[in-house]
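Working notes, beginning with the structure itself.
The values are calculated or read from the model by the stated rules, or taken from the named source; none is laboratory data. On a predicted model such as this, the values are computed, not experimentally measured, just so you know. Virtual Cβ from ideal backbone geometry, glycine too; neighbours counted across all protein chains shown. When the accessible area is computed, the model is the full protein with side chains, heavy atoms only, and any ligands, DNA or RNA have been set aside. Shrake-Rupley method; radii C 1.70, N 1.55, O 1.52, S 1.80 Å.
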Amino acid sequence: MRIVCIGGGPAGLYFGLLMKLRNPEHSITVIERNKPYDTFGWGVVFSDAMMQAMRVADPISAAEIADAFNHWDDIELVFKGRRQRTTGHGFIGIGRKRLLNILQRRCEQLGVELVFEREVESDLEFLDADLVIAADGVNSKIRERYSTAFKPDIVVRPNRYIWLGADKLFDAFTFDFRRTQHGWFQAHIYRFDNTTSTFIIETAETTFSAHGLDKLDQQGSIDFCEKLFAETLDGAKLMSNARHLRGSAWLNFNRLICGSWSHFNGKSHVVLMGDAAHTAHFAIGSGTKLAFDDAIELTRQFDALGHGRQSIDAVLSAYEDVRRVDVARIQNAARNAMEWFEVVGRRYADTMEPEQFFYSMLTRSQRISHENLRLRDPTWLEGYERWFARRSGLDVADNLRATPPMLTPFHVRSVRLANRIIVSPMAMYSATDGLINDFHIAHLGARAMGGAGLVFAEMTCVSPDARITPGCLGLWNDAQADQWRRLVSLIHAAGHAKAGVQLGHAGRKGSTKVPWEGADQPLERGGWDLISASAIPYLPNSPVPRAMTRADMDRVRDDFVSATKRAAATGADWLELHCAHGYLLSSFLSPLTNIRDDDYGGSFENRARYPLEVFRAIRAVWPEEKPISVRLSCHDWTPGGNMPDDALVFARMFKEAGADLIDCSSGQVSKAERPIYGRLFQTPFADQIRNEGGVATIAVGAISEADHANSIVAAGRADLCAIARPHLADSAWTLHEAARIGFNTVTWPKQYLSAKMQYETNLARSAALTSGAK
Ligand SMILES: Cc1cc2nc3c(=O)[nH]c(=O)nc-3n(C[C@H](O)[C@H](O)[C@H](O)COP(=O)(O)OP(=O)(O)OC[C@H]3O[C@@H](n4cnc5c(N)ncnc54)[C@H](O)[C@@H]3O)c2cc1C
Ligand SMILES: Cc1cc2nc3c(=O)[nH]c(=O)nc-3n(C[C@H](O)[C@H](O)[C@H](O)COP(=O)(O)O)c2cc1C
């Protein structure tokens, strides 16, 4: 085959040499616009795992690259006058020039033709090529030429960065944060040869322009950065090799995803590779890895399906299928890490203490969890756990294992939760006339003995017409309050758990069948009239609700107040106001369901007016010493709906009105929603509200292991974790997860104690067997 690689970066060179190695019959040319020993950029970092894959693909170039690598294990943070360090992170760094030179030599050895100093304008310059590899980087001309086929989606990220070198060796991957009068700057620093380190400096656009950096040339920016990082540079100089960039040399990162990676131009197949196809932010240093993995996979597909022209179609489609999965995974992690650096200045840097800031930074991609950190550096992690436990008010001896973050106590008003785990409210649709019955007692009693610090019953409705279904619980009469009192005393007697009441009104989502008879489907008989912010039905076949009048508002507010008084009389410890999931109060907050043109619709203030009125009214009658949380849908996942920034505005308003915590859920407001589910998918909302809004939060949604909860709480992404479905599967989720992470000093109900040691021993035994089998 005749193969032309446009672009002699890592992707083009590595693919060229691997293909030639597999089949010397191919005629392969790599065309690069730069000179052979001329490139921009400084060092790049890899993981040890990448080197392993390269050893398999081509042991010769891998050996040379491995020889040239600098290996180091430590990460150091310079922040607020402190230096903190952790080890066990296993990075390798190499100069980009050195890497390319090794690949160029290997290409020449194998007979790949290298053409330098030729700028390619179009793939049609190579009509004899069977295959054109568009490895021409993030600004690929070839991709732009066929943009209707490749469907590139480029997002220009808000931060500015400049990629510099420093003539100083750093013995750890160093992150240095500096505050200026206009905001924070951060440097990502790592050595890559015997004299030089990469020094990437990043800042928010507002800080960048406030310092006038857009008006400075490269030398002006270098002078500025040398002054800012003088303490860390300690007399060393910063250098730029981006002479090809005009102006200031500060760039914005472009996040790129393509709808398709290959195209037939009438003569040749054209395929995207490396940065031309996808980008991953340098915050997790994986762009070069992705380029190499692309090259490895494409050659592997030719090996599998045949090195002839007739296989190209099948090879390209298999290549894309396989690579898309891995690329999406890395891009996801890179996005989390990139966003952390984008918000760090306004979200974490000013308020967090250095210890927690370091933990938050280390877990920024959310690929590295609490237990990953333990594997990397147990001493550091145990030190952090001790710090966190002490901050939570526990006495911790220096020689003992500290209580894991999720099991530390939490104080709010006069309530002390024994730990950070909540049984999230879950409707069971099993009541008659809103009354708690034997099912609820057995169900919630079991969970009260399961170790969680707070047990919520399901959404409890403030009037008969506030119910979702005829099976929902209520607190509108004394008989219901009596049963509630029984439940609360059972929860209190069972162990340490506190009892939570979530009050709600279904609004336009009411008068439906229980889910197992048709979720969200209107009742055929015995239904009731619906009210909502506006007269918009939930489903096309749902009854149209009445837009609430002021009289309706008065009645419903008074129903909330009466239910709150009844809840207070039961001795319950915690109240939550349900303002999420499209129910009545949520329907005021979302512009999708609130199209009112009076004082209760339109602006944030107007949409929040009624929910805040209800909140203030219940706060006034709920005991002063007990907390109230507010559950919000922090993302409507529907165009035109509320977004996390909007939820932040509402969270601040509820905080101002006296809310103690915001319970950060999302969705269920519109049937048109397209949520992006995934592990901890709603935790970013809790993180933003907690750290930008300055109010404690509850994270909820796809938190299923102790490792998740520990990571969230330890990083300060939320104060508490509500666990729903896992608690349906396992009433003793907290006790079992504590055992699974080997923390055996947690308290079991005395009646169950004889099972504890056996349970823990069996877990330890199967863990040992699993790790032995690896
Ligand atoms: C600040 C920064 C730090 C980074 N740090 C890391 C890191 O630590 N680890 C890591 O793995 N990755 C890192 N990356 C990412 C990494 O540099 C890229 O992902 C990687 O280089 C992609 O390789 P590529 O071959 O696809 O593209 P490139 O390296 O961009 O190569 C494309 C080549 O094509 C040439 N070219 C472009 N257009 C034409 C044309 N029309 N005609 C001829 N030639 C052309 C270019 O000159 C260039 O040599 C970093 C990136 C940045 C910006
Ligand atoms: C059966 C069931 C019933 C639920 N009922 C309620 C409810 O009454 N009030 C509420 O705010 N959320 C309710 N939810 C949502 C959960 O509290 C939680 O936010 C959601 O399930 C995500 O958490 P998970 O991934 O841990 O399940 C319910 C969820 C389930 C599975």
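List the helices (runs of 4 or more DSSP H) that sit entirely inside the stretch 662-767 and contain at least 2 residues that are away from ligand 2 (no atom under 11 Å from the Cβ), within 29 Å of N642 (Cα to Cα) and touching a residue at least 40 places away in the same chain (Cβ under 8 Å). Break it down stepwise before answering.
Values: elements: 683-693, 706-714, 725-729, 733-740.
Once the helices (runs of 4 or more DSSP H) in the stretch 662-767 are filtered for at least 2 residues that are away from ligand 2 (no atom under 11 Å from the Cβ), within 29 Å of N642 (Cα to Cα) and touching a residue at least 40 places away in the same chain (Cβ under 8 Å), what remains is 683-693, 706-714.
When both residues are 6+ apart or on different chains and their Cβ atoms are under 6 Å apart, which pairs have a first residue that lies in the stretch 224-235 and is under 20 Å from A249 (Cα atoms) and open to solvent by 10 Å² or more (accessible area, probe 1.4 Å), and a second that is of a type in the set (D, E) and part of a helix (DSSP H, G or I)?
Close Cβ pairs (under 6 Å, with a partner that is of a type in the set (D, E) and part of a helix (DSSP H, G or I)) do not exist here.
Take the residues of the stretch 381-399 that are more than 26 Å from H89 (Cα to Cα) and open to solvent by less than 30 Å² (accessible area, probe 1.4 Å): which is nearest to the chain's Cα centre (by Cα)? Let's see the steps before the verdict.
Step one: list which residues in the stretch 381-399 are more than 26 Å from H89 (Cα to Cα), which gives 390-397.
Going one step further and asking which of them are open to solvent by less than 30 Å² (accessible area, probe 1.4 Å), we end up with 392, 396.
On the way: S392: 25, V396: 31 Å.
Among those residues, the one meeting the criterion is S392.
Does any residue of the stretch 448-455 turn out to be touching a strand residue (DSSP E or B) at 6+ places or on another chain (Cβ under 9 Å), in contact (Cβ under 8 Å) with a residue 24 or more places away in the chain and open to solvent by 10 Å² or more (accessible area, probe 1.4 Å)?
Quick first cut of the stretch 448-455, residues touching a strand residue (DSSP E or B) at 6+ places or on another chain (Cβ under 9 Å) only: 448, 450-455.
Remaining after also requiring in contact (Cβ under 8 Å) with a residue 24 or more places away in the chain: 448, 450-455.
Keeping just the survivors that are open to solvent by 10 Å² or more (accessible area, probe 1.4 Å) gives none.
Within the stretch 448-455, not a single residue is touching a strand residue (DSSP E or B) at 6+ places or on another chain (Cβ under 9 Å), in contact (Cβ under 8 Å) with a residue 24 or more places away in the chain and open to solvent by 10 Å² or more (accessible area, probe 1.4 Å).
Residue under question is R96, and the condition is that it be at pLDDT 95 or above, open to solvent by 10 Å² or more (accessible area, probe 1.4 Å) and more than 16 Å from ligand 2 (Cβ to nearest atom); does it hold?
Working: at pLDDT 95 or above: no; open to solvent by 10 Å² or more (accessible area, probe 1.4 Å): yes; more than 16 Å from ligand 2 (Cβ to nearest atom): yes.
Considered against the rule, which asks whether it is at pLDDT 95 or above, open to solvent by 10 Å² or more (accessible area, probe 1.4 Å) and more than 16 Å from ligand 2 (Cβ to nearest atom), R96 comes out as no.
Filter the stretch 191-214 for residues that are closer than 21 Å to T232 by Cα, among the β-branched types (V, I, T) and within 26 Å of the chain's Cα centre (by Cα) and give the result.
The answer is I200, I201, T203, T207.
How about the stretch 43-70: which of its residues are open to solvent by less than 50 Å² (accessible area, probe 1.4 Å) and more than 14 Å from L290 (Cβ to Cβ)?
Listed by number, the residues that qualify are G43, M51, A57, D58, S61, A62, I65, A66, A68, F69, N70.
Would you mind stating whether E125 is acidic (D, E) and open to solvent by 50 Å² or more (accessible area, probe 1.4 Å)? Don't jump to the end; show me each part of the working.
Working: acidic (D, E): yes; open to solvent by 50 Å² or more (accessible area, probe 1.4 Å): yes.
The answer is yes for E125.
Just give me the residues in the stretch 1-30 being assigned to a loop (DSSP other than H, G, I, E, B) and over 14 Å from R105 (Cα atoms), in sequence order.
Here is the first cut: in the stretch 1-30, the residues assigned to a loop (DSSP other than H, G, I, E, B) are 1, 7-9, 23-26.
Answer for the stretch 1-30, where residues must be assigned to a loop (DSSP other than H, G, I, E, B) and over 14 Å from R105 (Cα atoms): M1, G7, N23, P24, E25, H26.
Of the conditions (1) farther than 19 Å from M352 by Cβ; (2) open to solvent by 10 Å² or more (accessible area, probe 1.4 Å); (3) small (G, A, S), G667 clears all except one; give me its number.
(2)
Among the candidates Q366, Q356, which residue alone is modelled with pLDDT of 95 or more, crowded, with 16+ Cβ neighbours inside 10 Å and not basic (K, R)?
On the way: Q366 fails: modelled with pLDDT of 95 or more.
Result: Q356 is the single residue among Q366, Q356 that is modelled with pLDDT of 95 or more, crowded, with 16+ Cβ neighbours inside 10 Å and not basic (K, R).
Regarding the stretch 409-425, can at least one residue be identified that is within 16 Å of ligand 2 (Cβ to nearest atom) and open to solvent by 10 Å² or more (accessible area, probe 1.4 Å)? Spell out how you get there, then give the answer.
Let us first name the residues in the stretch 409-425 that are within 16 Å of ligand 2 (Cβ to nearest atom), namely 420-425.
If we keep only those that are open to solvent by 10 Å² or more (accessible area, probe 1.4 Å) as well, we get 420, 425.
Checked against the condition, which is being within 16 Å of ligand 2 (Cβ to nearest atom) and open to solvent by 10 Å² or more (accessible area, probe 1.4 Å), the stretch 409-425 yields at least one hit.
If only one of R717, R725 is basic (K, R), closer than 22 Å to S629 by Cα, away from ligand 1 (no atom under 16 Å from the Cβ) and open to solvent by less than 30 Å² (accessible area, probe 1.4 Å), which one is it? Don't jump to the end; show me each part of the working.
Working: R725 fails: open to solvent by less than 30 Å² (accessible area, probe 1.4 Å).
So the residue among R717, R725 that is basic (K, R), closer than 22 Å to S629 by Cα, away from ligand 1 (no atom under 16 Å from the Cβ) and open to solvent by less than 30 Å² (accessible area, probe 1.4 Å) is R717.
Assigned to a loop (DSSP other than H, G, I, E, B) and either modelled with pLDDT of 95 or more or under 26 Å from the mean Cα position of the chain (by Cα) (or both): does that describe L592? Working first, answer last.
On the way: assigned to a loop (DSSP other than H, G, I, E, B): yes; either modelled with pLDDT of 95 or more or under 26 Å from the mean Cα position of the chain (by Cα) (or both): yes.
Spelling it out, L592 is indeed assigned to a loop (DSSP other than H, G, I, E, B) and either modelled with pLDDT of 95 or more or under 26 Å from the mean Cα position of the chain (by Cα) (or both).
Can you go through S542, S587, S534 and tell me which one is open to solvent by less than 20 Å² (accessible area, probe 1.4 Å), over 30 Å from F410 (Cα atoms), not in a loop (DSSP other than H, G, I, E, B) and not hydrophobic (A, V, I, L, M, F, W, C)? Full working, then the answer.
Values: S542 fails: not in a loop (DSSP other than H, G, I, E, B); S534 fails: not in a loop (DSSP other than H, G, I, E, B).
The match here is S587.
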